[in-house]
Amino acid sequence: MTVHALIPLLATIVYIILFLVVLFNRPWQRQHKLFSLYLLAATVWALSEFFLLSTFLTDYKIHLFRAVICSGIWWALQLFVFIRSYLNMIGGLGVWIGVGGLALFIILAILDYAPPRIIIEDDLFVGPEYGWWFLVYIIPMVVMAVMAEYSLVKKLKVNSDPVQKNRISYLIVAVGILIIFGFGGTTPLAGGFPISHIGGFLSACVLAYTILKHGLVSINSVLRRVLGWSFSLITGICTFALVLFFLHIIFDFELPFITLSFSTLSALVVALLIYRLRPTVVSMIDYFFFRDTYSYRQVLLGFDREMSNIISLDELADKMLPAISSALRISQVDIFFQDVGTRDFTTQYSYPKKNPNNHHAQIFTHDNPIVTWLQKETNPLNLNYIENISQLDGLWQPERDSLATSNIELLCPIKSRGELIGILALGVKKGGGTYSQEDIEMITGMAGKAGIIVENARMFTILRQQQQQVQHLLNEAIQAQENERQRISADLHDSVAQWLAGASYQTQTVEALLSDTNGSNIRNQLNLVEETIDKSLTELRRVLVDLRPPSLDELGLSHSLHQSLTSISSDGLVCNFHEEGDHTRLDPSVEITVYRVVQEALNNIRKHSEATRVDLYLNYGDENVIVKIKDNGVGFDLTDTINNAISVGNLGLLGMKQRVDMLGGEFDIQTRHGKGTTITLTLPLHPHIEES
């Protein structure tokens, strides 16, 4: 091996390492695929150059040179496509020129025109006989190189992201190195020295540094895989070589290096091919044996991938029971769960579904010997062999008769934390078949996974019930609060408000009875008293409206919201009310919720927003009502405000959201410092309030 051949060999090793790193970095994106094809083309190019410059395959040097030229064009074409893809640009004219040049050179090589001859001295390649064919190689390379470099430089100028600019800069350097060294290696200036592969080696180092520095692929995540595969490949190659060596010693046959290399490489390729084809072949064989039930069996075998998404018993039954029935070709599948009151196992789910009013449905009482047996065992119970199990001798004759007419053949325990929580009952197979060991193992595995799902579903059900109870209690508390507000409002209106109004009239009467000569001071005092009473009466009426606005019950939501908006306009705010859709009376719970949320929002605007304009939008839709409160105030930090509100016990915003959530609505706040605030609530016209 010459020094000239050593350089492309080292480049080949570098390309293979990079290719393995990209190969094991999943999931793949389009750029990963294109970069891996570039590395594959570079590997073929460097490997063919190695054999061309070495002392191997001396009779095939002209074919190796043609392979070097073809793989070189392919390598440049893949690099061009990768760069254009990285820049989110289509291939364009450069791809067509590259593909056309590669196809034309292959045709010329087959016809022995490119090149017609090469120069060999002392069994070593010196160079080709240059001619017009060289233009077919050099023109596509120059065009693609110039277009790639131009695209990178143009992208670098317009890109403002420093990370992207660094990546593009490294790519420009890598392509520049390949242009300078790559073209020189195939011209007479190289003098037979493989300077193009020196450029390829340097370019690979630049790309490797880019990968490590900027994380184009995750090295840490694939290092273990690469080491594992490398160790396996090296072990396999060494084992195969040792076998051939011992055969050489035993049978005394010649074993040239070329034969050893190609036979080892062929064995490696065959092993990888078998490894890749094994799942497909196994699937084809399974399909041949199971045919119509193959797809259902695949569903059962992949059940563990689905179980993480199942959180309800209904969903478990809907997915599992039809698949079991179709995959095993059985007449019926039932799931028994324990009744909370009686502790007996009753049918909860069936496929095909049965009449829920069937009084002859199978029941396993909690003291049934079969239940006791299933609690202790993990394997299914075949009812055809209960006569041979001594633990089941305690079955009463009516229980045996019921099992005989139930069409059930196999009972599989469903357990969680070692406790029996359910029974999976499988009916008789269609056509009179029997359950194979493979069927039993598959059902046992599914029952074990079902136990986990059942436990998770029960926890989820308990959590949902608790949430419903809390929701119900909150609804009751708010309703009680509204009732108490209404009672206080009515009491104050009928008592204190009437008294203040009467006192005001009395002061006016006293003022009229006083003469002008002796009552001026008293009249002034009475005026002050009357003014105080009027202010108190005005404030009391405002409080009464806040407690329970009469207009909400008498005139509806639109009038009440417009009235609330008008009440804050006295503070210098420009208030606008917008109403769309057909005005209609809503459910009382919806009206009071909208009113309270708007009331709280307007109070916040008046106290904190520093706004000069408020817009209130009320939109009646076919299925919901949408309310939007928008101001041009200073805005606020939503996260900090909520956190601070929780810490100090001021739950205004959270209370608004809680009211809307209870009616199944949506509550949204959009705000930024200096950009104002927009609060949007969407409520169904006919809310459903969950109760425990």
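The values are calculated or read from the model by the stated rules, or taken from the named source; none is laboratory data. Nothing here was measured: the structure is a model prediction, and the numbers come from that model. Neighbour counts run over all protein chains shown; Cβ positions are idealised from the backbone, glycine included. Accessible surface is based on the protein model in full, side chains and every heavy atom, while ligands, DNA and RNA are left aside. Shrake-Rupley method; radii C 1.70, N 1.55, O 1.52, S 1.80 Å.
What to note about this one:
- Legend: residue pairs 376/430; 354/415; 607/675; 319/415; 607/630; 33/61, Cα-Cα distance threshold 22 Å; pairs beyond threshold, 376/430; 354/415; 33/61.
- Global geometry of the range 5-120, whether rounded, prolate or oblate, following the gyration tensor of its Cα atoms and the 1.5 cut on a/c: oblate
- When only alpha carbons are used to place a centre, the range 410-424 and the range 32-82 end up 62 Å from one another.
- Karplus 3J(HN,Hα) series, Hz, for the range 614-623 with 6.51 cos²θ - 1.76 cosθ + 1.60 (x for Gly, Pro): 9, 10, 10, 10, 10, 10, 8, x, 6, 10
- About the Cα centre, charge dipole magnitude for the range 358-475 (Lys/Arg +1, Asp/Glu -1 at Cβ), debye: 520 debye
- Using a probe of 1.4 angstrom and keeping all protein chains present, the accessible surface of the range 550-612 works out to 51 square angstrom per residue.
- Derived scalar couplings between HN and Hα for the range 311-326 equal 10, 9, 5, 4, 5, 4, 5, 5, 8, 8, 5, x, 5, 5, 4, 6 Hz in order, rounded to whole Hz, by the Karplus curve 6.51 cos²θ - 1.76 cosθ + 1.60 (θ = phi - 60°), x for Gly and Pro.
- Note on residue 157: lysines with a C-alpha under 18 Å away, same-chain residues under 8 apart excluded, are 165.
- Cut-off under 5 Å, modelled amide H: who pairs with residue 613 long-range: 574, 632
- Average Cα contact separation per residue, the range 104-166, under 8 Å, 6 or more apart, as relative contact order %: 21 percent
- Highest average first, the peptides 369-381, 121-133, 586-598 ordered by how many other beta carbon atoms sit within 10 Å of their residues are 586-598, 369-381, 121-133.
- Per-residue HN-Hα couplings for the range 404-411 [Karplus 6.51, -1.76, 1.60; θ = phi - 60°; Hz; x = Gly/Pro]: 5, 9, 7, 6, 9, 10, 10, 10
- Each of the peptides 237-244, 109-116 was scored by the mean count of other Cβ atoms within 10 Å over its residues; in descending order, highest first, they stand as 109-116, 237-244.
- Net +/- balance of residues flanking residue 574 in space, Cβ distance below 11 Å, scoring K and R +1, D and E -1: -2
- Within-12-Å neighbourhood charge of residue 682 [Cβ basis; K, R +1; D, E -1]: -3
- For residue 55, nonlocal amide neighbours, meaning residues 5 or more places apart or on other chains whose placed amide H falls under 5 Å from its own, are 2.
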